[in-house]
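Enquirer: One structure, as structure tokens, below. Some questions next.
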């Protein structure tokens, strides 16, 4: 036996109130009358109200107490738990972005939490609670304390990322045991329901407007506005905000046949630090009505190329935004104060202590990365992380590569026939890249992937700083680019909360909030620097607001729960009230 709504038992407080009414003595006013003979019968009828008879049970009192008891139990909704319940219940709660969509009264997630709470109260055994979005995370594992599970369930909130089915499938394969009951509360479009699981679907197709992307080219901003499940042609106002102030208003016309519109804004005068585009219309999912972007006007990186001349690198680096390239001869004293120093065919006695370092074709020497010999006629292998994107077709020839003493740690991201060609490592927050060959003695600069490789290396050195978008999608892992002289770093979220970031591994993962974040660095000399970046919700599969069963062909199932006794109790209360009415009528 369990209760779907234990708070209903508070109605039991009516029982002592009813008894109190019966035991209180009636107070009378003193009157002078000619005779007491006519009052004898009245006094006999009222004898039950005397204090000395307070323990005498009356039929009306019993009926009223039973009616109040039955009503309290009905409000608590007792459930008869069958003996066939699984010994272990695994509840999966979808907290992806679309679960924050509003229904008639509450959001999809609120409805799911309410159903899950009723399911927990109506079942016995142990419970495992799993939160699922871009990953699957166990919140409570095999607990028989329902209050612990219900508390963790209540704390759940929808994030801004999309679902990934693989993590859930992998986790359920580990957690599921023979006889375990798996229930997934979600609006995800399962093609095939997880094995041995019941999927409870939420939401219906609803009209929704979303700004799905924002890009910049010179002084122009291009925003894409999409309308889902439109019933007819709709004209919506789209506004551009710069540093929180309205800069420009445009209109977009959408229809069921043409549900996308590109809106172009022009940036004039001094550029704002941050911009956002917002659809000024109410809909079911307000979180995707705004798309934000940091323009990063103060994040230009100074790069020093120390070389006798490398035309290939100069052209590739010169094509990148936010990169200022400076050149210096190896015969000159090494300059300092650069975010990246590229040493092409040269090595100083000591590597720079600040900024990132890229070494190409190191000369012979005994210091770290000094060459010990050469290896001829090398062919490239397969590019590894983190430079593997768009490199699956890369293949080139190297006339000769250097044999280098590499420090512990680091990784070979491109191996040649006889050794590493490209190696990545780090010294604290300082990142180091090593090319063991001379670009001019290889066919790499002639490959179409070479500019992409240079671009990806800049993103490795300065994550997120080179890209023009100035924003990332919810659920992404942000690798922050901190200065080697940074002693402390914090990230300030849109709601003002702060989170400290390790300077050794400056990784930040955002799951719940969209908007602008500020990275504040405190340097060794006590000065500070800050830069903003934007986080936007996943809209590709989340903003369409399709119900799971509509998108997946009915991959849903009903909840197996205990037998509710509420209807029987309400019927019993009604009979007791009828009995009370009959007794009172008979007494009169």
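The values are calculated or read from the model by the stated rules, or taken from the named source; none is laboratory data. Owing to the predicted nature of the structure, the values given are computational and were not obtained by experimental measurement. A quick note on method: Cβ atoms are made from the backbone with ideal geometry, for glycine too, and the neighbour counts reach across all protein chains shown.
Enquirer: Which condition does residue 283 not pass, out of (1) out of contact with any helix residue (DSSP H, G or I) (no Cβ under 9 Å at 6 or more places or on another chain); (2) part of a strand (DSSP E or B); (3) crowded, with 20+ Cβ neighbours inside 10 Å, if it passes all the others?
Expert: (2)
Enquirer: May I ask you to list pairs of residues, at least six apart or on different chains, whose Cβ atoms are under 6 Å apart, with the first in region 18-33 being assigned by TED's automatic domain parsing to the domain that holds residue 67 and the second being surrounded by 10 or more Cβ atoms within 10 Å (Cβ to Cβ) and modelled with pLDDT under 70?
Expert: 23/54; 26/49
Enquirer: Could you list all residues from region 275-297 that are closer than 15 Å to residue 517 by Cα, more than 22 Å from the chain's Cα centre (by Cα) and at pLDDT below 90?
Expert: Correct list: 295, 296.
Enquirer: Restricting to region 391-412, count the residues that are in a loop (DSSP other than H, G, I, E, B), modelled with pLDDT under 90 and under 19 Å from residue 437 (Cα atoms).
Expert: Taking region 391-412 first, the residues in a loop (DSSP other than H, G, I, E, B) are 391-396, 405-410.
Now restrict to residues that are modelled with pLDDT under 90: 391-395, 405-410.
Retained after the next criterion (residues that are under 19 Å from residue 437 (Cα atoms)): 391, 394-395, 405-407, 410.
Residues flagged as in a loop (DSSP other than H, G, I, E, B), modelled with pLDDT under 90 and under 19 Å from residue 437 (Cα atoms) within region 391-412 amount to 7.
Enquirer: Residues to consider are 321, 288; find the one that is touching a residue at least 60 places away in the same chain (Cβ under 8 Å), out of contact with any helix residue (DSSP H, G or I) (no Cβ under 6 Å at 6 or more places or on another chain) and over 19 Å from residue 536 (Cα atoms). Lay out the reasoning, then the answer.
Expert: Details: 288 fails: over 19 Å from residue 536 (Cα atoms).
Being touching a residue at least 60 places away in the same chain (Cβ under 8 Å), out of contact with any helix residue (DSSP H, G or I) (no Cβ under 6 Å at 6 or more places or on another chain) and over 19 Å from residue 536 (Cα atoms) holds for just one of 321, 288, which is 321.
Enquirer: Of the residues that make up region 439-456, is at least one in a loop (DSSP other than H, G, I, E, B), buried (at least 19 other Cβ atoms within 10 Å of the Cβ) and either touching a helix residue (DSSP H, G or I) at 6+ places or on another chain (Cβ under 9 Å) or modelled with pLDDT of 80 or more (or both)?
Expert: Let us first name the residues in region 439-456 that are in a loop (DSSP other than H, G, I, E, B), namely 443, 447-449.
Narrowing further to those that are buried (at least 19 other Cβ atoms within 10 Å of the Cβ): none.
Checking region 439-456: not a single residue is in a loop (DSSP other than H, G, I, E, B), buried (at least 19 other Cβ atoms within 10 Å of the Cβ) and either touching a helix residue (DSSP H, G or I) at 6+ places or on another chain (Cβ under 9 Å) or modelled with pLDDT of 80 or more (or both).
Enquirer: So which residues in region 413-438 are at pLDDT below 85 and either closer than 19 Å to residue 351 by Cα or crowded, with 21+ Cβ neighbours inside 10 Å (or both)?
Expert: Pass one, region 413-438, residues at pLDDT below 85: 417-419, 426-430.
Selection gives 426, 427, 428, 429, 430.
Enquirer: What strands (runs of 3 or more DSSP E) lie completely within region 141-235 and have 2 or more residues being modelled with pLDDT of 90 or more and not assigned by TED's automatic domain parsing to the domain that holds residue 100? It would help to see each step written out before you state the result.
Expert: Details: elements: 181-186, 197-201, 208-217, 220-228.
Correct list: 208-217, 220-228.
Enquirer: Here's something else I'd like to know. Out of (1) in a strand (DSSP E or B); (2) out of contact with any helix residue (DSSP H, G or I) (no Cβ under 7 Å at 6 or more places or on another chain); (3) closer than 28 Å to residue 448 by Cα, what's the single condition that is false for residue 388?
Expert: Checking residue 388 against (1) in a strand (DSSP E or B); (2) out of contact with any helix residue (DSSP H, G or I) (no Cβ under 7 Å at 6 or more places or on another chain); (3) closer than 28 Å to residue 448 by Cα, the one that fails is (1).
Enquirer: List every residue pair whose Cβ atoms lie under 7 Å apart, where the two residues are 6 or more positions apart in sequence or sit on different chains, the first residue falls within region 261-272 and is assigned to a strand (DSSP E or B), and the second residue, located anywhere, is modelled with pLDDT under 90.
Expert: That search, which allows pairs on different chains as well, returns 266/219.
Residue-by-condition table, conditions (1) surrounded by 14 or more Cβ atoms within 10 Å (Cβ to Cβ); (2) modelled with pLDDT under 75; (3) in contact with a strand residue (DSSP E or B) (Cβ under 9 Å, 6 or more places away or on another chain):
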position: 493; (1), (2), (3): yes, no, yes
position: 513; (1), (2), (3): yes, no, yes
position: 523; (1), (2), (3): yes, no, yes
position: 539; (1), (2), (3): yes, no, yes
position: 547; (1), (2), (3): yes, yes, yes
position: 551; (1), (2), (3): yes, yes, no
position: 576; (1), (2), (3): yes, no, no
position: 580; (1), (2), (3): yes, no, no
position: 585; (1), (2), (3): no, no, no
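Enquirer: Provide a single number: the residues in region 98-140 that are in a loop (DSSP other than H, G, I, E, B) and either in contact with a strand residue (DSSP E or B) (Cβ under 9 Å, 6 or more places away or on another chain) or surrounded by 18 or more Cβ atoms within 10 Å (Cβ to Cβ) (or both). Reasoning before the result, please.
Expert: The first filter runs over region 98-140 and keeps only residues in a loop (DSSP other than H, G, I, E, B), leaving 101, 103-106, 122-125, 133-135.
This time we only want the ones that are either in contact with a strand residue (DSSP E or B) (Cβ under 9 Å, 6 or more places away or on another chain) or surrounded by 18 or more Cβ atoms within 10 Å (Cβ to Cβ) (or both), so: 101, 122-125, 133-134.
The number of residues fulfilling the criteria is 7.
Enquirer: I'm checking my understanding of the structure. Among residues of region 11-33 that are at pLDDT below 70 and out of contact with any helix residue (DSSP H, G or I) (no Cβ under 6 Å at 6 or more places or on another chain), which one is farthest from residue 69 (Cα to Cα)?
Expert: Checking each candidate, the answer is 29.
Enquirer: Go through region 347-382 residue by residue and tally those that are assigned to a loop (DSSP other than H, G, I, E, B) and either modelled with pLDDT of 90 or more or under 14 Å from residue 433 (Cα atoms) (or both). Please lay out each step first, then the result.
Expert: Quick first cut of region 347-382, residues assigned to a loop (DSSP other than H, G, I, E, B) only: 347-355, 361-363, 365-370, 380-382.
Cutting the leftovers down to either modelled with pLDDT of 90 or more or under 14 Å from residue 433 (Cα atoms) (or both) gives us 347, 351-352, 355, 361-362, 368-370.
Looking only at that region, the number is 9.
Enquirer: Let me ask something else. Mind checking whether some residue in region 481-488 is crowded, with 19+ Cβ neighbours inside 10 Å, at pLDDT below 80 and touching a helix residue (DSSP H, G or I) at 6+ places or on another chain (Cβ under 9 Å)?
Expert: Yes, some residue in region 481-488 is crowded, with 19+ Cβ neighbours inside 10 Å, at pLDDT below 80 and touching a helix residue (DSSP H, G or I) at 6+ places or on another chain (Cβ under 9 Å).
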